[in-house]
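J.: To start, I am sharing the structure in question, which I have written as structure tokens.
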Amino acid sequence: MLTDMQAAGARLTYQPSRREPDSRAFPHERRWRQPDQRAATAPDDITISRWTCTQTGIRLEEATTPADRYFFAIALKTARVKLTRGRHTIFDGVMPAGTLYIGAPSQQLSAQFHAPCDFLHFHVSASSYFPSLRPGPASAEGFNDLVLLRDPFAEQLAKALTERAHSADREFARCIGQTLAMHLARRELPHAKVNALPKWRLRRVEEYVGTHFEHCISLSELAKVAGLSRMHFAAQFRAATGYRPREYLLHQRIERAKSLLSNSETALAEVALTVGFCTQAHFSTVFKRMTGDTPARWRCASRNASASLRLSTSDPASTSKTVSHVLPADFT
């Protein structure tokens, strides 16, 4: 990360604003990829906004990138997404948190979201950061429709910005946007595209993992289930899911552990063994790395959240009082 930060140059060095911090440094979008009008006061070369979809059903959206801009989207949480242009499918699968999508100027894109989503959007001047890339259809061979599953550097930049959501001013947000743009401008594009694992093969692997996750599963086993060689399976599986096979197996184990922690009184050591870990210590280490919390604290937070939800749905009057208490006076 330091290498990319330093490469951005002195003009990207963040200088705290003398004005009061602006909590609207990256306003929420009312419509997909259409920043709030107040974002128009941001510098011309970078505009940042956030799009959050809380509904659980399928949501369809469509937008066209302006002729003088590139569009970057960073997934802040894992989501199932299908991206299309006309009859051409660009991406159809799970975008893990940290996934980066790049769209070129003047390109129309349709999106289908199958679950709640949270994305950070960057609208970046083409002439300022990508002068060597000609806007228009020719850019399809370059940055257009480039999906980088789980780009660690982009994920860290998004995290730095969203964690300061209530205190970051526009200059700080602009610095993050510039760093991301330069990171991408310097990135070597993939020479060959790896085809994603076909859905029917992926379903077979998912079903196998779902019924055997508590056992030791080797890469050779999964490749055999998919009907491919180890090398081809690993590459195609990652292209389809964003996960290496080993990472996916750990993810499934942790998701199962979450269910046990939320819905039972099972001891942590037993949960660890049930989902395929040899020791509670290893389970706790992996759990914290993937969720940001220990199993015990996650269980406590999950149950507190469930209790609060039950209280709010069973006592509307209590909910009204709570909302009135936390809102500013001019909202009540």
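The values are calculated or read from the model by the stated rules, or taken from the named source; none is laboratory data. Being a predicted model, the structure only gives us computed values, none of them experimental. Methodologically, a virtual Cβ is constructed for each residue, glycine included, from the backbone with ideal geometry; neighbour enumeration extends over all protein chains shown.
J.: Helices (runs of 4 or more DSSP H) wholly in the stretch 264-332 with at least 1 residues that are surrounded by 11 or more Cβ atoms within 10 Å (Cβ to Cβ) and at pLDDT 85 or above - which ones? Lay out the reasoning, then the answer.
T.: Numbers: elements: 268-274, 280-291, 295-314, 316-326.
Of the helices (runs of 4 or more DSSP H) lying wholly inside the stretch 264-332, those with at least 1 residues that are surrounded by 11 or more Cβ atoms within 10 Å (Cβ to Cβ) and at pLDDT 85 or above span 268-274, 280-291, 295-314.
J.: Quick check on my filter: what residues within the stretch 78-114 are closer than 17 Å to residue 50 by Cβ and among the hydrophobic types (A, V, I, L, M, F, W, C)?
T.: 79, 81, 95, 97, 100, 111, 113, listed by residue number.
J.: If you don't mind, there's one more thing I want to ask. Mind listing just one residue for me: the one in the stretch 36-60 that is exposed (fewer than 15 other Cβ atoms within 10 Å of the Cβ) and either polar (S, T, N, Q) or modelled with pLDDT of 85 or more (or both) and, of those, nearest to residue 151 (Cα to Cα)?
T.: 52
J.: Sticking with this one: Tell me which residues, restricted to the stretch 221-247, are under 17 Å from the mean Cα position of the chain (by Cα) and outside any helix (DSSP H, G or I). Talk me through it step by step, then tell me what you get.
T.: As a first pass, look at the stretch 221-247 and keep what is under 17 Å from the mean Cα position of the chain (by Cα): 238-244, 247.
The answer is 242, 243, 244.
J.: Please specify each residue of the stretch 190-202 satisfying the condition of being farther than 30 Å from residue 26 by Cβ, at pLDDT below 90 and not hydrophobic (A, V, I, L, M, F, W, C).
T.: Those that are farther than 30 Å from residue 26 by Cβ, at pLDDT below 90 and not hydrophobic (A, V, I, L, M, F, W, C): 191, 193, 195, 198, 199.
J.: Separate question: Only one residue in 134, 187 is modelled with pLDDT under 85, under 22 Å from the mean Cα position of the chain (by Cα) and surrounded by fewer than 21 Cβ atoms within 10 Å (Cβ to Cβ), so which one is that?
T.: Details: 134 fails: under 22 Å from the mean Cα position of the chain (by Cα).
Unique residue meeting the criteria: 187.
J.: Which one is surrounded by the most Cβ atoms within 10 Å (Cβ to Cβ) among residues in the stretch 160-172 that are modelled with pLDDT under 85 and under 21 Å from the mean Cα position of the chain (by Cα)? Steps first, answer last, please.
T.: Let us first name the residues in the stretch 160-172 that are modelled with pLDDT under 85, namely 163-171.
Then drop every residue that is not under 21 Å from the mean Cα position of the chain (by Cα), which leaves 163-166, 168.
Working: 163: 10, 164: 16, 165: 13, 166: 8, 168: 24.
Filtering first and then ranking leaves 168.
J.: Further question: Could you please tell me which pairs satisfy a Cβ distance under 8 Å, a separation of 6+ or placement on different chains, a first residue in the stretch 249-267 that is on the phi < 0 side of the Ramachandran plot, and a second residue that is among the β-branched types (Val, Ile, Thr) and outside any helix (DSSP H, G or I)?
T.: Between residues of the stretch 249-267 that are on the phi < 0 side of the Ramachandran plot and residues that are among the β-branched types (Val, Ile, Thr) and outside any helix (DSSP H, G or I), the close pairs are 249/217; 253/275; 254/275; 256/275; 257/275; 260/266; 260/275.
J.: Condition check: on the phi < 0 side of the Ramachandran plot, out of contact with any Lys or Arg (no Cβ under 9 Å at 6 or more places or on another chain), at pLDDT below 80 and acidic (Asp, Glu). Does residue 221 satisfy that?
T.: Values: on the phi < 0 side of the Ramachandran plot: yes; out of contact with any Lys or Arg (no Cβ under 9 Å at 6 or more places or on another chain): yes; at pLDDT below 80: no; acidic (Asp, Glu): yes.
Answer is no for this residue.
J.: Is it the case, given these coordinates, that residue 249 is crowded, with 17+ Cβ neighbours inside 10 Å, touching a Pro at 6+ places or on another chain (Cβ under 7 Å) and not assigned by TED's automatic domain parsing to the domain that holds residue 92? Quick ask: steps written out before the conclusion?
T.: Details: crowded, with 17+ Cβ neighbours inside 10 Å: yes; touching a Pro at 6+ places or on another chain (Cβ under 7 Å): no; not assigned by TED's automatic domain parsing to the domain that holds residue 92: yes.
Criteria not met by residue 249.
J.: Could you please find all residues in the stretch 49-74 being under 13 Å from residue 114 (Cβ atoms) and either touching a Cys at 6+ places or on another chain (Cβ under 9 Å) or not assigned by TED's automatic domain parsing to the domain that holds residue 149 (or both)? If you could, list the steps in order and put the result at the bottom.
T.: Initially, the stretch 49-74 is screened for residues under 13 Å from residue 114 (Cβ atoms), giving 53, 55-61.
Once the filter is applied, which keeps residues that are under 13 Å from residue 114 (Cβ atoms) and either touching a Cys at 6+ places or on another chain (Cβ under 9 Å) or not assigned by TED's automatic domain parsing to the domain that holds residue 149 (or both), the stretch 49-74 yields 53, 59, 61.
J.: May I ask you to list the residues in the stretch 84-101 that are in contact with a Gly (Cβ under 9 Å, 6 or more places away or on another chain) and part of a strand (DSSP E or B)?
T.: Residues satisfying the conditions are 93, 94, 95.
J.: Determine whether the stretch 263-274 contains at least one residue that is touching a helix residue (DSSP H, G or I) at 6+ places or on another chain (Cβ under 9 Å) and closer than 30 Å to residue 74 by Cβ.
T.: No, the stretch 263-274 contains no residue that is touching a helix residue (DSSP H, G or I) at 6+ places or on another chain (Cβ under 9 Å) and closer than 30 Å to residue 74 by Cβ.
J.: Quick check on the stretch 183-196. Is at least one of its residues assigned to a helix (DSSP H, G or I), closer than 27 Å to residue 146 by Cα, touching a residue at least 60 places away in the same chain (Cβ under 8 Å) and not acidic (Asp, Glu)? Break it down stepwise before answering.
T.: Filtering the stretch 183-196 down to residues assigned to a helix (DSSP H, G or I) leaves 183-185.
Keeping just the survivors that are closer than 27 Å to residue 146 by Cα gives 183-185.
From what's left, touching a residue at least 60 places away in the same chain (Cβ under 8 Å): 183-184.
From what's left, not acidic (Asp, Glu): 183-184.
Yes; the residues of the stretch 183-196 include at least one that is assigned to a helix (DSSP H, G or I), closer than 27 Å to residue 146 by Cα, touching a residue at least 60 places away in the same chain (Cβ under 8 Å) and not acidic (Asp, Glu).
J.: Based on what the data block shows, is residue 117 farther than 25 Å from residue 81 by Cα, buried (at least 22 other Cβ atoms within 10 Å of the Cβ) and at pLDDT 85 or above? Show your work before the answer.
T.: Numbers: farther than 25 Å from residue 81 by Cα: no; buried (at least 22 other Cβ atoms within 10 Å of the Cβ): yes; at pLDDT 85 or above: yes.
Considered against the rule, which asks whether it is farther than 25 Å from residue 81 by Cα, buried (at least 22 other Cβ atoms within 10 Å of the Cβ) and at pLDDT 85 or above, residue 117 comes out as no.
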